[in-house]
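Structure in structure tokens, see below.
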Amino acid sequence: MCLPAMKKIIELKNVYKDYPQAGTIQTVLHDITLDILAGEFVAIVGPSGNGKSTLLNLLTGIDHPTRGEVIVDGARLQKMSGEKLTSWRGGHVGIVFQFFQLLPALTLLQNVILPMDFHAVLPKRQRRQRAMQLLERVGLAEEAERLPSQVSGGQQQRAAIARALANDPPLIVADEPTGNLDAATAASVFELFAHLRDQGKTLVMVTHNEELADAATRKLEIRSGRIHADDSRLSGC
Amino acid sequence: MHTLWNKIWADLWLVKARTALAISSIAAGVFCVGTLFGMIDLQLAKMDAAHRQSQPSHINLILGNSADNSLLGKIEAVEGVAGIDTMTPLTVRYRLPGQSDWNMGTLIIRPDYSAQQFDRTTLLAGSWPSGKHIAVERLSADYAGLRIGDRVEVETLNGTQALTLGGIVRHPFVKPPNFGGQLHFFAASALAAEFGQPADTFRQALVNITLPYSTDRVRAVAKDIRVLLAEHKIGVNVTLLQDPDKHWGRPIFAGINGVLQIMALASLALACVLIFNTLSAHITQQTDQIGVMKALGGSTITIAKLYLTETLLMATAAVALAVPPSLAAAHFSSCGLLNLFNIDCGVFDISNRAVAFMLLGGLLAPLLAALVPILRGASMTVRVAIASYGLGSGFGARRFDRWVERIGARFLPTLYAAALGNLFRRKGRLLLTQSVLIIAGAMFLILMSLIASVNLTLDNEMARSRYAVRLGFANDQSEQKVTEVAMSVAGSRRVEIWQRLPIDISKGDAALRQQGSLGAQLFALPAATAMYRPLIEQGRWLEAADAGRRVLVLSADTAALNGIEVGDTVDVRLETSTQKWKVIGFYRWLAGSNYTVEPVYAPMETVRDITGRGEAASFALLDAPIGTLAEEADYVRALKQKFEDNHIKLDVYTTQARLEQRRFARNQFNPLIGTLLGLASMIAAVGGIGLSGTLSIGVLQRIREIGVLRAIGASSKAIFRLFLLEGLLHGIVAWALSVPLAFFAAEPIAGELGKTMLGMQLDYAFDLVAVVYWLVIVIALSWLASSWPAHKAANLTIRESLGH
């Protein structure tokens, strides 16, 4: 299957990432050069501790490369200040965390509205409606007024996905989104991601879930901080 | 901010303990500020208002003998005199309804109650004295339980008479009976003759000078009046000068108020320390939420505003809670203190300044205290905020940490070694929690040392007074007769006679300014006196060889005030003659500037040579083997009876029994020391609240650690003991640090407190027993503070803990 000619949404150019550790410098990512096209569904796989999450953090601007360049949706992330990155992230990236990270004191609906309040692009009176629509999409309309502690892990993760879509970002980044879920629940989340992929969102995901990885259009294997394999089922067109 | 209002509300409501802790901390500080500043403002304002209302005399002369009313015109003619009023205080023996014993009291006679000019007596209930109807001063009425209509038996020249209480009055210048003052009654001039007071005479002159008022002018006019009176053979025992606008008690409050203000601000500062601590922990606990909000697009300013709003809401609640009780406390506390000065505090009043301070301090101070942890938290990067590595790290990096770990490993079981390590894990928070407890401890120990120093000072002063009783006579008596009567009382071992005379001292052309608020008097005593020796600060005390020499011993404070050195010569006017005298020494005056006459000591032999007043006795100092207050009371009763039987009238103001005087002197400090101890207790309570908060937050932060401990076999009891021990260690460390701090700070601080608040220069004593008391208190406080958090920790399940 081939993708029509699409723009690059993510570009990594000769990216290195070092961390100081116990008096020495540990290089976590070595010379990563990588392009991701808009609409791709990329699964990043590999053994634990090999740099997968670090790579994800670089794509969201949560972390900066030691050397090299990271360009996401046209923005050179390492050149942006912390506040600018925060603002940019709100409108361009939706993040789904492994541990859901819903704010415990807010209802599911309020958690979904929160990014819209931060980004403040959508008029106030429309935010609640949009949040309800998103929760409907993930099958949680009836749980909208519940607190995270009152719903299951799977429901929390689906709410987190709805939250990630709040400002309709072009890029969704997920770090082990099914890592804390049982198989059945993971399957329901997997369906959601497949649906997002069909809607043309660019998805980049770290996962140990074989099924989820197989559903991706591209599988990147990271070992010892390097791209060990880059299996794009859409390449070669 | 729309959705974030829900987060703000949830943060405040869902963790009620933390919110309550923060609100109560701020409220405690605001309460202290409002109460203390309110007290200060209300006291001073009401004191001065009451003072002005009484039309205070500028010069109040208490005469040594009665003066004829014909002198009034001459006194009024003295340059600078604007007006004169008179009063006659008499010492009387009275018996209250149902009593068998006679007591000494004061009867004041005023010529015309409806036309008083100065130092006005105010009618509170009933009617003015007339005929055989007398009035009673309100403090006396309260103390003795007297009411209008009661009959009081008094001894007159012709036997006893029952006089009816027709009114209750307030007089601006009475010593409260609680502090050793006599009961005061008021009578019309028609009764004067019954008590041997000649008609148309007076014993107290109340004089006002022409404006403008100045202390130099009033002193000069007072001196001129004394000269005039001396020419008419009228002696002046006491000269009291009053500022027309400021109550005479102001200096007493000045020192106290300064200290109270500092304490109020200190309590607010301590509350802010707690806020800092609490909010730091709150932010730490919400680190991952901050990270998520930032990942979702929340800016640093938005997040900072969120937590500042939470702080502001808590501060507002605290202010709302604290203001009403604080206003009430300020009013009622100041009423209590004003009552000591016989001032009616009137209707409920508030200090606007105190309200402003409470609002400003209560809202601004917590915001400022919260700013650092909030900004620190809000400006965290997403990566730092959401990173989570195991159960937490940080301890062990420094040499100190490893030393603590070695101590724990060597001396404590593993679990309790963990408690020791946990104590030092977050050093910043440890310091903040400790600081409140250390300050509370140091303050407690300093105050206990202040009390010990007061007691030591009074004991030392008593040791310098080798007499058991000092009898003062309303009029000078024959030395021989006094000695005979005194020695006839069982127990009397020795009698020494002193004389008291009015004195004017000047150096060059300038009259000496005295520290004593009632002026100075000459106390003439045998040069080789065996009965009394004050603490000599410079020079020397009187010696046998001084008999016949013109030498003086002055108070050190007066000497300093007037730039007098030992060896200087001063001009002394005694009765009508002025001569040069040499200053041979300075004594430390225990009473300072309190409401009392300042003694100037001189050899009686010399004074008698000059005045020709052979064997006059103003005082008799008696030595007797007295050990207890009860023995002293019996002895004094016997003496009074004997002297009354011999028709010698004692002066209630100058008759003193040593042990009773010590008790009255000590009583005067109790309200003040009680206030300070109350404040120390409040600070200790704040420290306890802070400790409880720190430990509760520690439980929350180490919740996963608790789960791991349980998973590897720690019982609920062990978990409970772990947190309890950590709390106790907090207390013990605070105790260990507060003791040396107090030890070094106590002497200068107690000395300063003694001078400013009590008007005394204290002999210092550090209270070692209080160190033990503080240890017991801090252990109890720590136990209480840690019980609840320890209980919470012990009741967490593994699932709850590890799932957090």
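The values are calculated or read from the model by the stated rules, or taken from the named source; none is laboratory data. Since this is a predicted model, take the numbers as computed values, not measurements. So basically every Cβ, Gly included, is an ideal-geometry build from the backbone, and we count neighbours across all protein chains shown. Note: areas computed on protein heavy atoms with side chains; ligands, DNA, RNA excluded. Shrake-Rupley method; radii C 1.70, N 1.55, O 1.52, S 1.80 Å.
Over all directions, what mean area does the Cα convex hull of chain B project, stated in square nanometres?
41.7 nm²
Find out how many positive minus negative residues lie around A:Leu122, taking Lys and Arg as positive, Asp and Glu as negative, among other residues whose Cβ is under 12 Å from that of A:Leu122.
That works out to +3.
Over all distinct alpha-carbon pairs, what is the Kirkwood Rh of segment B:40-160 in angstrom?
After inverting the pairwise mean of 1/r, the radius is 17.1 Å.
Sticking with this structure for a sec: Kindly provide the Kirkwood hydrodynamic radius of chain A in Å, to one decimal, from all pairs of distinct alpha carbon atoms.
Kirkwood hydrodynamic radius for chain A: 18.3 Å.
Now for a different question. Need one number: % antiparallel among DSSP beta bridges in chain B, to the nearest 5.
Approximately 80 percent, going by the DSSP bridge assignments.
Here is a further query. How large is the convex hull of the C-alpha atoms of segment B:194-298 per residue, in Å³?
235 Å³
Same structure again: What's the carbon and sulfur percent of segment A:53-95's accessible surface, probe 1.4 angstrom, rounded to a whole number?
47 percent
Now for a different question. Extent of segment B:241-296 along each principal axis, from alpha carbon coordinates, in Å, largest to smallest?
75, 17, 7
Averaged over peptide A:111-122, how many Cβ atoms belonging to another chain are found within 10 Å of each residue's Cβ?
Per-residue shielding by partner chains comes out at 4.
While we're here: How big is segment B:32-111 along each principal axis, measuring the range of its Cα positions in Å and listing the largest first?
The Cα atoms of segment B:32-111 stretch 55, 51, 19 Å along the principal axes, largest first.
Continuing with this model, one more query. Per DSSP H run of at least 4 residues, take -39500 (n - 2.57); add these up for chain B, divide by its residues and hand me the 222 nm value, nearest 500 deg cm²/dmol.
Value at 222 nm, helices only: -18500 deg cm²/dmol.
Go ahead and run the numbers for FRET between A:Ser149 and B:Val769, Cβ-Cβ distance against an R0 of 41 Å, rounding to 0.05.
Approximately 0.15, to the nearest 0.05.
If all Cα-Cα distances of the protein assembly as shown are sorted into 10 Å bins from 0 onward, what percent lands in each bin, rounded to whole numbers?
The calculated distribution, bin by bin, is 2, 9, 14, 16, 13, 10, 8, 8, 7, 6, 4, 2, 0, 0.
Where the centroid of each part is defined by its Cα atoms, how far is segment B:15-75 from segment B:78-132 in Å?
25 Å
Where q = 0.13, 0.20, 0.21 Å⁻¹, what log10 of I(q)/I(0) comes from the Debye formula for segment A:154-237, counting one point per Cα?
-0.43, -0.98, -1.06
Which residues, if any, in segment B:284-298 lose at least 10 square angstrom of accessible heavy-atom surface (probe 1.4 Å) when the other protein chains sit next to their chain rather than the chain being alone?
B:Asp288, B:Gln289, B:Val292, B:Met293, B:Lys294, B:Ala295, B:Leu296, B:Gly297, B:Gly298
How big is the dipole moment of the protein assembly as shown about its Cα centre under a simple scheme where the beta carbon of each Lys and Arg is +1, that of each Asp and Glu is -1, and everything else is neutral? Debye, nearest 20, please.
Charge dipole, the protein assembly as shown, about its Cα centre: 2480 debye, nearest 20.
Ignoring ligands, DNA and RNA, how much accessible area is buried between chains A and B, both sides summed, with a 1.4 Å probe, to the nearest 100 Å²?
For A against B, buried area totals roughly 2100 Å².
Projected onto the charge dipole of chain B (+1 at Lys/Arg Cβ, -1 at Asp/Glu Cβ, origin at the Cα centre), which of B:Ala734, B:Phe424, B:Ile439 gives the Cα projection farthest towards the positive end?
B:Phe424
Once neighbouring chains are kept in place and the probe is 1.4 Å, which whole percent of the accessible area of segment B:406-497 is contributed by carbon and sulfur?
Looking at segment B:406-497 in its full context, I get 59 percent from C and S.
Sticking with this structure for a sec: Of all the accessible heavy-atom surface of segment B:48-178, with the other protein chains kept in place and a 1.4 Å probe, what percent is carbon and sulfur?
Carbon and sulfur atoms account for 45 percent of the accessible area of segment B:48-178.
Quick one: net charge around B:Leu165, please, counting Lys, Arg +1 and Asp, Glu -1 for every other residue with C-beta under 15 Å from its C-beta.
It works out to a net charge of +2.
Share of antiparallel DSSP beta bridges in the protein assembly as shown, in percent to the nearest 5?
If we restrict to bridges inside the protein assembly as shown, about 70 percent are antiparallel.
Assuming a ≥ b ≥ c are the square roots of the Cα gyration tensor eigenvalues, decide whether segment B:168-240 counts as rounded (a/c under 1.5), prolate (otherwise, with a/b larger than b/c) or oblate.
It comes out oblate by the Cα gyration axes.
If you don't mind, there's one more thing I want to ask. Taking only the C-alpha atoms, wrap a convex hull around segment B:533-613 and report its volume per residue in Å³ as a whole number.
Per-residue hull volume (Cα only) is 103 Å³.
Let me ask you something else. Just need the Rg to Rh number for segment A:39-156, please, alpha carbons only, Kirkwood Rh.
Over the Cα atoms of segment A:39-156, Rg/Rh equals 1.01.
Report the local net charge at A:Gly179: Lys and Arg +1, Asp and Glu -1, summed over other residues whose C-beta lies under 14 Å from its C-beta.
-4
Continuing with the same structure: Using a 1.4 angstrom probe, figure out how much accessible area the protein assembly as shown has per residue, in square angstrom, rounded to the nearest whole.
On a per-residue basis, the protein assembly as shown sits at 42 Å².
Related question: When N is the residue count of segment B:542-685, what does its C-alpha Rg come to as a fraction of 2.2 N^0.38 Å?
The reported ratio for this selection is 1.40.
Right, another one. Considering chain B, which cysteines have no disulfide-compatible partner, defined as another cysteine with its Cβ under 4.7 Å away?
B:Cys32, B:Cys272
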